[in-house]
Structure formats: C-alpha cells, structure tokens
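A.B. asks: I'd like to ask some things about the structure below.
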Amino acid sequence: MKVLVVGSGGREHALCWKLAQSPEVTKLYCTPGNAGIAQIAECLSGDPLEVARSIDADFVVIGPEVPLAAGLGDQLNAERFAYFGPDQRGAQIEASKTFCKELLRKYNIPTADFEAFDTAEAAKAYLSDRDSDMPVVVKANGLAAGKGVVVATSRHEALAAVDELTNIDLTYQDAASRQIVVEECLVGDEVSLIALTDGEYVLPLVPAQDHKRIGEGDTGANTGGMGCYSPVPAFTQELYEQTVTTILEPTIQALRAEGIEYRGALYAGLMLTSTGPKVLEFNCRFGDPETEVILPRLKSDLLPLLWACANTEGDLKNVTCEWTEQAAVGVVMASRGYPAPNYQKGQVITGLKDAANTGAVVFHAGTIQRDGDIVSSGGRVLCVTALGDNFLQARQHCYAAVERIHFEGVQYRRDIGWRCL
Ligand code: AMP
Ligand code: GLY
C-alpha cells in the first residue's frame, strides 16, 4: 500500500516512523515532511491533494488540524482517496470552540460552564458583572495553535485577554472564529486521552500528560507542548473507564445524532477535577508531542488500526492493539525565543547519531536539510523519546540522549514528568 502522511512536525515523524515498520506499507510518502522524516519516507512538496494524485496514494493520513478544518478530507473523499481523519464537519470539534461546547452542553457531557460572545464588547460587559468568579478562562473561538487561551486571575486580566484574543492571529478561520468564549476555570491534573474511532467503535489509546508551559514547574507562556510522558499514574483505571463511558463514547454518539460520522482520532484534553474528568477541549487529530510517546508504546501494527477507522463500519473493534508495559518520556528541544513568533532558526544540529545510539528515538519537529547539515527550522525542533521499565528509567534514558544533542540557543525543560516523582 502506498501511504501518504500530511504534515511536517514531530507527530508526523512519529506516524511515519511507526507506519514505516508496517509490512503492509510498500512505499511511504510525506508532504511536506522534514529532515528526519526524509530518512524514512519520500518527502514531496506541493498541495496535499495534488501530491495524493501524483503518487496515486492508496491511503492518506492527515496529521494537523488546519488541513482537516479546511476540508482536505472531503476533497480526498470526492476523488475516492481513502484517508484518515474526520471530515470538515467533524473537524469543527476542534476548529470551533462554540460548536464543541454547545455539543457537550446539549448532550450533558462533563465540561466547564461557558458563555460565547460575538463581540469583544459583549464579552467585556459580561465579565464586568462578574467580579467574584475569578479565575476565569478566556478563549478565542478559532484555531490559534495553542495560543488562544488565557487563564485570568483578575477581572483586569480577563478584560485585557478579551482584547488580546480578539486580535490574535488564527491559523484557520471561518465566520464564527472571532467569537470569544468565557469559561469556568477547572482545577486538577491534566491528561490527554486520544481515541481512534470508525464512527461507531471507540478505541482509546494509552493516556499521556503534556507539559504546555515553556518554563519548569509549569510556569510561563503556553506552547504547543514541551514534553510528555505515558502512562500517567494520576489517571487510574477507574478514571480511564469513567472517561470512556462519560466522555469519549457519548461524544461520538452525540456527533452521530447530529448527523456527523466522526472517523479518525479524537483527542480529549481532560481536567481530572474533584467531581470527575471534564473536557477542556477536543482536538480532531493526534496530539503533538503526545503521539511521540504513545506510538513508541504501541506493539501492534499502526496501519490496520488507521485503515479500520477510515474504511470500515465498526470493524475497528476486531483489530489488534497491544501496548508495552514500558513507560515512555519525550522531551521537546526548542529554539531560542520560542514560543514568541520571532524565534531563532537555521542553527546546525549536532549529536543526532550519538543520541540515537543510546536507543532513544529522535523525532524531528522543525528541521530541514542544508548543505549536508540538519538545521533548525521551527520553534519546536526535536522531540527525543525513550522507553524504560518504569518512569524513572525512561526519563533517565531520555535525558541521556537529549544531552548529546546540541544547537545554538537550544532550550528544553529538565523536569518533564515532575508530577510523577
Ligand atoms: P485548550 O487549548 O482549550 O486546551 O487550552 C489550553 C490550556 O489552557 C489547557 O491545557 C489548560 O491548561 C488551560 N485551560 C483551558 N480551559 C481551561 C478551563 N476551563 N479551566 C482551566 N484551565 C483551562
Ligand atoms: N499537545 C497539545 C496538542 O496537541 O494540542
């Protein structure tokens, strides 16, 4: 089978890395890919639909949310290409916070209380009346690459957040994207639980915990994610089962009741509150860097799992999905200046082979090839993942590999997984 992966980040490198191990994949392509992906797949540039046509792809796996929200799935479907991911209507679960929140409210799926506003003025008028309910969470409705959320501890901060989020750059937008959502602030441990679904059957993967803040101890600005680990001890078997029966399954059923057959990956960002797990957000794709710790734990072939989501009616339940008991830790190595938009690029990366020789896997997130060197080209540059018999061993292996890699201005957190200690 000729498989095309769409995207260029660490998530797509992890997807390619796992798909490259599948006996069913005869040829692997990626568009646009990166310098790491180029070592295991043929990277092609251009419009993804045209790339799919040019190689006559048998299966297209769409990694990021932006092409999904823009309807790449629907376009592929119209030309009879098999693809992994929800269609444009399904992708609204991530692309429109109001779509997601209204769905959850209508079907009584646990989430924070919320109000949505068409204008900044309306949001501010609402906030001005509510002095006692701080902290409060202010969100941009559209896709903002992880930068569309402010947890405000005072009314002053909340009002400033409305102005900031009204003017934020969005990575994809439609008519409702400029709405502002104000939410109740939830407290607890955060967990990501991603499920595969064929629109009927829901197959949860192993959980992971991301570290979204740039600074150690989970401080400072929000990022796309600075590191991850799996499993998550705070997420007990009981909480896991509760999440599947009160959140994941009801959400797929709710979408179905609304006429949306949701196929692909459904990513639940959860807060483990004192009254049970609640939805912080849904994403319409695999997480990044969650995928970089989840897939190394998957013992089974990934291709049949993705294929069943896309092309069967409920057969996903019959596909083998086995996990190693080992723990995985992934540390993101980022560019100087990240997550500000003007981060440094073009730095030569050394020590990649040395790091790989430790047994760790170095996933590339933002790299390109230049004059025989691999150089940084993104805010998040690499995600280094290692397995171990337990969390501490995985973490030790991971940092041993990270320390062998260098580029000018590199920054990474030295405390990934601190909540496990
Ligand atoms: P989101 O993009 O919606 O996942 O939000 C990014 C981050 O903001 C989350 O990972 C949480 O840390 C935080 N956050 C979002 N919504 C809430 C909420 N209702 N209560 C508390 N924290 C939140
Ligand atoms: N790691 C957060 C995300 O993928 O949205």
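A.B. asks: Under 25 °C and 0.890 mPa s, how fast does the chain diffuse according to Stokes-Einstein, given a Kirkwood radius computed over C-alpha pairs? Answer in µm²/s, whole number.
C.D. replies: Approximately 113 µm²/s, per Stokes-Einstein.
A.B. asks: On the full set of protein chains, 1.4 Å probe, figure out the accessible area of Lys147 and give it in Å² to the nearest 10.
C.D. replies: Here the accessible area works out near 90 Å².
A.B. asks: Let me check I've understood the local charge: for Gln393, count other residues with C-beta under 15 angstrom from its C-beta, Lys and Arg +1, Asp and Glu -1. What total comes out? Can you show the working numbers first?
C.D. replies: Details: positive: Arg297, Arg395; negative: Glu325, Asp389.
Cβ neighbours under 15 Å give a net charge of 0.
A.B. asks: Might you tell me the accessible area per residue for the chain, computed with a 1.4 Å probe and given in Å²?
C.D. replies: 40
A.B. asks: Okay, moving on. Once you list every other residue whose beta carbon is under 13 Å from the beta carbon of Gly337, what net charge do they have if Lys and Arg are +1 and Asp and Glu are -1?
C.D. replies: Local charge sum for Gly337: +2.
A.B. asks: What does the extension gain come out to for Gln369 and Glu24, with contour length at 0.36 nm per residue minus their alpha carbon separation? All intermediate terms of the calculation are to be shown ahead of the outcome.
C.D. replies: Numbers: separation 345, 0.36 × 345 = 124.20 nm, distance 2.88 nm.
Computed gain between Gln369 and Glu24 is 121.3 nm.
A.B. asks: On average, how much area does the Cα convex hull of segment 115-253 cover when viewed from any direction, in nm²?
C.D. replies: If I average the Cα hull's projected area over directions, I get 10.0 nm².
A.B. asks: Could I ask something else about it? Among the lysines, which have Cα under 27 Å from the Cα of Lys317 when same-chain residues fewer than 8 positions away are ignored?
C.D. replies: Lys2, Lys18, Lys27, Lys278, Lys299
A.B. asks: Moving on to the next point. So between Asn342 and Arg105, what do we pick up on full extension, going 0.36 nm a residue minus the alpha carbon distance? Display every interim value, and only then the final one.
C.D. replies: Values: separation 237, 0.36 × 237 = 85.32 nm, distance 3.87 nm.
Fully extending the segment from Asn342 to Arg105 adds 81.5 nm.
A.B. asks: Rounded to a whole number, what % of the accessible area of segment 89-225 do carbon and sulfur atoms account for, probe 1.4 Å? Before the final figure, lay out the partial values.
C.D. replies: Numbers: 2810 of 5880 Å².
That share works out to 48 percent.
A.B. asks: Next question. Leaving out ligands, DNA and RNA, what percent of the accessible area of segment 239-323 is carbon and sulfur, probe 1.4 Å?
C.D. replies: After summing per-atom areas, the C and S share lands at 45 percent.
A.B. asks: So how long is each side of segment 1-114 along the principal axes, counting just the alpha-carbon atoms, biggest first, in Å?
C.D. replies: 47, 28, 25
A.B. asks: Check cross-link reach from Lys124 to the lysines: straight Cα distance under 22 Å, and skip same-chain residues fewer than eight apart.
C.D. replies: Straight-distance partners of Lys124: Lys97, Lys101, Lys139, Lys147.
A.B. asks: Note the direction-averaged projected area, equal to a quarter of the hull surface, for the Cα convex hull of segment 125-175, in nm².
C.D. replies: 3.6
A.B. asks: Given the rule -39500 (n - 2.57) for each run of at least 4 DSSP H residues, summed and divided by the residues of the chain, what is its mean residue ellipticity at 222 nm, to the nearest 500 deg cm²/dmol?
C.D. replies: Helix contribution divided over all residues of the chain: -7500 deg cm²/dmol.
A.B. asks: Determine the relative contact order of the chain: mean sequence separation of Cα pairs under 8 Å and six or more apart, normalised by residue count, in whole percent.
C.D. replies: For the chain, the relative contact order is 16 percent.
A.B. asks: Running Debye on segment 299-357 with equal point scatterers at the Cα sites and no solvent, what base-10 log of I(q)/I(0) appears at q = 0.27 Å⁻¹?
C.D. replies: -1.13
A.B. asks: Then there's this: In a solvent-free Debye calculation with one equal scatterer on each Cα, what is log10 I(q)/I(0) for segment 154-213 at q = 0.28 Å⁻¹, listed in the order of the q values?
C.D. replies: Summing over Cα pairs of segment 154-213 leads to -1.08.
A.B. asks: Could you check the simple spin-label distance between Arg419 and Thr273, using points 7 Å along Cα→Cβ, in nm with one decimal?
C.D. replies: That separation, rounded to one decimal, is 1.6 nm.
A.B. asks: For segment 61-72, what does the Karplus curve 6.51 cos²θ - 1.76 cosθ + 1.60, with θ = phi - 60°, yield as ³J(HN,Hα) per residue in whole Hz, taken in order and with x for Gly and Pro?
C.D. replies: After applying 6.51 cos²θ - 1.76 cosθ + 1.60, I find 10, 8, x, x, 6, 4, x, 5, 5, 7, x, 4 Hz.
A.B. asks: To the nearest µm²/s, what D does Stokes-Einstein give for segment 263-337 at 10 °C and 1.306 mPa s, using the Kirkwood radius over alpha carbon pairs as Rh? Don't skip to the answer; put the middle values down first.
C.D. replies: Values: Rh = 14.8 Å.
Approximately 107 µm²/s, per Stokes-Einstein.
A.B. asks: Using the Kirkwood radius over C-alpha pairs as Rh, can you work out the diffusion coefficient of segment 198-331 via Stokes-Einstein at 4 °C, viscosity 1.567 mPa s, in µm² per second?
C.D. replies: D = 81 µm²/s.
A.B. asks: How do 83-92, 291-300 rank on mean C-beta neighbours within 10 Å, highest first?
C.D. replies: So the peptides 83-92, 291-300, ranked by packing, come out 83-92, 291-300.
The values are calculated or read from the model by the stated rules, or taken from the named source; none is laboratory data. Only a predicted model underlies this, so the values are computations on that prediction, with no experimental measurement involved. Glycine gets a Cβ as well: all are built from the backbone with ideal geometry, and neighbour counts include every protein chain shown. Surface areas here come from the heavy atoms of the whole protein model, side chains and all, with no ligands, DNA or RNA. Shrake-Rupley method; radii C 1.70, N 1.55, O 1.52, S 1.80 Å.
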